[in-house]
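Heads up: the structure comes next, in structure tokens.
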Amino acid sequence: MGDAWIELDKVRLGLGAFFAEQRSEFTSFGTTVNQTFEAFVFAQVVAWYKSRGWQVQITKVFDKKTKQDEFKLKFNTRGHPAGYSYARCTSADGAETVQVRHQIRVATRHYRNDGISPPANVCLDVAVIRDVHIDEFDTDDYVQNSELITFGEAKHMSAFAELVASFVGMVHELQPERLKFQRRKKDIESRHPAPFLFVSGKFWLTAEGIIATIERRRLDVAIFNRVKLLTNAIALPTDNAPAKPRRRHVPRAPE
């Protein structure tokens, strides 16, 4: 989409600098624009904690091909969590440690693990969970809902009304209390960010209308885009998509 254009190379360079990756190839940050934007949103969450004095440790995983520990994000809903990197963040007072995970499954609030009900979980683009051990998880295993602190969804597109409403529905399935809590101004600088939707483009007018009602109701959710960031600690270089030249119609000469 032309209105959701981002400068891919600059974003990857910025991510490389943020994660201190000295590599000539930035495959760690995805091979498509969608994946690189997900990596940027992951970095936004890590930067949010880092800018507030949390100590951040980025884990690396052993690559069997290179025989080295490498930074590798999870750009697929499938895969063992132990095979991918994540951020471990500890508060300045040492009272709390959380994990920032990429593409991790989390059970919905109303799921009943009774051995009869089918699984009800969502694979989240970015999830902040308690510091629990999940290295033994299989690809279909999920984090208990009680371990979820907050989460974010990354969409490489502009926001329209239905997209925002769908995200609110996801919040209702995962953390319904967020839609009952009235967020006050002082809560903006809370210990953790609110659940959020982050789009790479702009807000269409219909989306602005939904967002306005969310803000009026002071729901504990947030919507971000390329100019309204979660944190300014890492920027999103953007540019206008190159305009496609319009073909001029030239009438054919009569034969």
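The values are calculated or read from the model by the stated rules, or taken from the named source; none is laboratory data. Model, not experiment: these values are computed from the prediction. Using ideal geometry, Cβ is built from the backbone for each residue, glycine included, and neighbour counts are taken over all protein chains shown.
Comparison of Ala92, Ala154, Ala127 shows that the only residue that is among the hydrophobic types (A, V, I, L, M, F, W, C), closer than 30 Å to Lys60 by Cα and either at pLDDT below 95 or in a loop (DSSP other than H, G, I, E, B) (or both) is Ala92. With respect to the conditions (1) modelled with pLDDT of 90 or more; (2) in a helix (DSSP H, G or I); (3) hydrophobic (A, V, I, L, M, F, W, C), Leu230 lacks only one, and its number is (2). When residues in segment 112-157 are screened for being small (Gly, Ala, Ser) and either closer than 30 Å to Leu236 by Cα or surrounded by 15 or more Cβ atoms within 10 Å (Cβ to Cβ) (or both), 4 of them pass. The C-beta contact set for segment 198-218 (first residue at negative phi and surrounded by 14 or more Cβ atoms within 10 Å (Cβ to Cβ), second residue of a type in the set (D, E, K, R) and part of a loop (DSSP other than H, G, I, E, B), distance under 6 angstrom, 6+ apart or interchain) comprises Ser200/Arg226. The single condition among (1) within 23 Å of His192 (Cα to Cα); (2) outside any loop (DSSP other than H, G, I, E, B) that Lys74 does not meet is (2). Of all the residues in segment 62-81, those that are of a type outside the set (D, E, K, R), more than 18 Å from Val122 (Cβ to Cβ) and loosely packed, with under 14 Cβ neighbours inside 10 Å number 3.
In summary, Phe37 fulfils each of the numbered conditions (1) assigned to a loop (DSSP other than H, G, I, E, B); (2) of a type in the set (A, V, I, L, M, F, W, C); (3) in contact (Cβ under 8 Å) with a residue 24 or more places away in the chain with the single exception of condition (1). Aromatic (Phe, Trp, Tyr) and either modelled with pLDDT under 95 or surrounded by fewer than 17 Cβ atoms within 10 Å (Cβ to Cβ) (or both): does that describe Phe181? Yes: the conditions hold for Phe181. Residues in segment 54-72 that are at pLDDT below 95 and more than 14 Å from Tyr86 (Cα to Cα): 6 in all.
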